[in-house]
Each structure stands twice: as structure tokens, then as C-alpha cells.
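Report on the structure given below.
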Amino acid sequence: MKQLAYSSGVVTGIILLLLMWTACQPAPRVRELTVEIAQMQFVPADITVHKGDKIRFVNHDMVAHDITEETSKKWSSSPLQLGQSWTLEVTGSANYYCSIHEVMKGKIRVE
Amino acid sequence: MKKNVIQLSRPLVVASFLLLGVTGNAQQNKGLTDPEVASVAVTANQIDIEFAKIAFQHSRNPEVLNFAKTMTNDHNAVINQAVALVTKLKVTPQTNSLTRQLLADAEKTKKKLQSAKGAGFDKVYIGNEVAYHRSVISAIETVLIPQAENAELKSFLQAVVPALKTHLSHAEMVEKMLNK
Ligand SMILES: [Cu+2]
């Protein structure tokens, strides 16, 4: 009986320690990457990231662009004027395009 | 015989740009002055906005309307940048024979667009956009950029070319959709 109480105490202790250890671990680092929009192109047009990473799109062109998920228009920025930027939090791989200039395309791969 | 007539009437704009290259050189060794280059650049952009206005009145096709909206916004953005630049450079755009030729050709095209209806309009409008962007790109690359003297004006014209090339690919994409 005493033995059992003792061992369950040990187990609880180990679990607590484990929980504390987990809490102290740094969260998987979120990276912020940049896709430049210049001369009517997404640069890089093909980018590989981790889930949860952030991609900042910056427009350097004198004309406005947007960034729109291509297959079902799941997400979209509003039009970005010269010098404006927009940040996407990546939830999965995607093909995207500019709905203003439909031939401008890019790709996000999640690894 | 009939085919020849169509092929001749289409690249009207190209013809007028090329003509200027020749007559400009014949009249004076130097070709266009910077105020003249600025005038041609602004006019070429204004003309495409005029074409888009007709598209808003005549088309119901979402792809055509989206394209026309892009032309309006982009060519306006280019004009605004051009005006800001010439203001800074204290260059006053000067109307010249090429500007006048462009405007005369545009009047003819506008008449053609005004008289077309429905799906027929869409094809005429997009077909003209393909031809017009091709000729403007070639004019900027072979006439305006080489003849512009001021470095900032030159690099501004160079910066406009990628947008025009994207417009051309976009127009060709819509043209393919219309011909399906
Ligand atoms: Cu765009």
C-alpha cells in the first residue's frame, strides 16, 4: 500500500518534470521570409517553407499587385501599391497568382 | 486579297511608329527630343485607357472586364509616374507628329470598337490589345528608349516595359479563352 502510494508519487513527479521541461523548450522557430514583387514577377517564384512560417510580400512595381490562392481563392491580399507589403502565415502548400495580372504566378511548398 | 487588307490594317500603330523613326531621322539627325518622348509615352498610355472605357460599355465577359480594369489602373499608374518625373525634370511634354499619328490611329480603332457588339466585341477588343501592346513595346524599345536623352527618363521607360509585356501575355491568354 505504502509502496503503491510511493510509486504513484514518483510517476506524478516524473510527469510534472516532463511537463515543465516541455514548457521550457523553445517553440519551433517561426521564420519570416520575403517574396519581392519586382518587374512583374514574384521573386523567388517558388519558395519552400515550414508550416507556420510567415511570408512577407513586398511590391516594388509602380503598378498594383495582389497575392491570391489560385485553385479556390482560399486567401487573398488586397491590392498592394508601390512600397506596400502583406504577410501570409503559411498553413499549407499553395499555388498563388496575381488576380490583377493573371499570368503572374508563384508557388509555396511546405516541407 | 482580302487577307492582305486585314493584315495591313492591323499593325497601323506599328506602321506609324516606324514611320516616325524614318521621318524623324530624315528631318533631323537626333530624332525625338525628351519633351516629345514624354508626350508619346503619356499618349500611348492614355489611348489604352480610352479603349478600356469602351470595353466597360460593351463587354459582359468577366475576363475581358478584369483585363480592362487592369489596363485602366496600370496605365493610370504609369501616367502618374511619368507626370511626376517630367515635373521633377522640368520637361513639358510636347505634341509631335508621332503623338498626332497615334491619336489618329486610336480614333479609327475606337470607331471599330464602338460598332462591335457582344462576343464579337470581346474578340475585336482583345485582338487590338494584343496588337497595340506589341507595337507599343516595340516602339518603346526601338524608338523611345534609344532616343531619350535624360537618364531618368530612359530608366523610367525601361521600367515600364515589363508591365507592358505582362499585359501582352495577359491579353494573349484572354484571346485564347475567347477562341475556345
Ligand atoms: Cu500583378
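Every residue, every condition in (1) in contact (Cβ under 8 Å) with a residue 12 or more places away in the chain; (2) open to solvent by 20 Å² or more (accessible area, probe 1.4 Å); (3) within 21 Å of B:Leu157 (Cβ to Cβ), yes or no:
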| position | (1), (2), (3) |
| --- | --- |
| B:Asp34 | yes, yes, yes |
| B:Val40 | yes, no, yes |
| B:Gln46 | yes, yes, yes |
| B:Ser59 | yes, no, no |
| B:Val64 | yes, no, no |
Exercise. Are any residues in the range A:43-75 outside any loop (DSSP other than H, G, I, E, B) and open to solvent by less than 10 Å² (accessible area, probe 1.4 Å), and if so, which ones?
Worked result: A:Val49, A:Ile55, A:Phe57, A:Asn59, A:His65, A:Thr68, A:Glu69
Exercise. Is the range A:32-53 home to any residue that is on the phi > 0 side of the Ramachandran plot, modelled with pLDDT of 95 or more and touching a Lys or Arg at 6+ places or on another chain (Cβ under 8 Å)?
Worked result: yes
Problem set entry | From the options B:Ala171, B:Ala119, B:Ala148, B:Ala163, residue that is away from chain A (no Cβ under 14 Å), closer than 19 Å to B:Phe51 by Cα and touching a residue at least 24 places away in the same chain (Cβ under 8 Å) | B:Ala119
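The values are calculated or read from the model by the stated rules, or taken from the named source; none is laboratory data. Fair warning: this is a prediction, and the values are worked out from it, not measured in the lab. Counting neighbours? That spans all protein chains shown, and the Cβs are built from the backbone with ideal geometry, glycine included. In case anyone asks, the SASA skips ligands and DNA or RNA and just uses the protein heavy atoms, side chains included. Shrake-Rupley method; radii C 1.70, N 1.55, O 1.52, S 1.80 Å.
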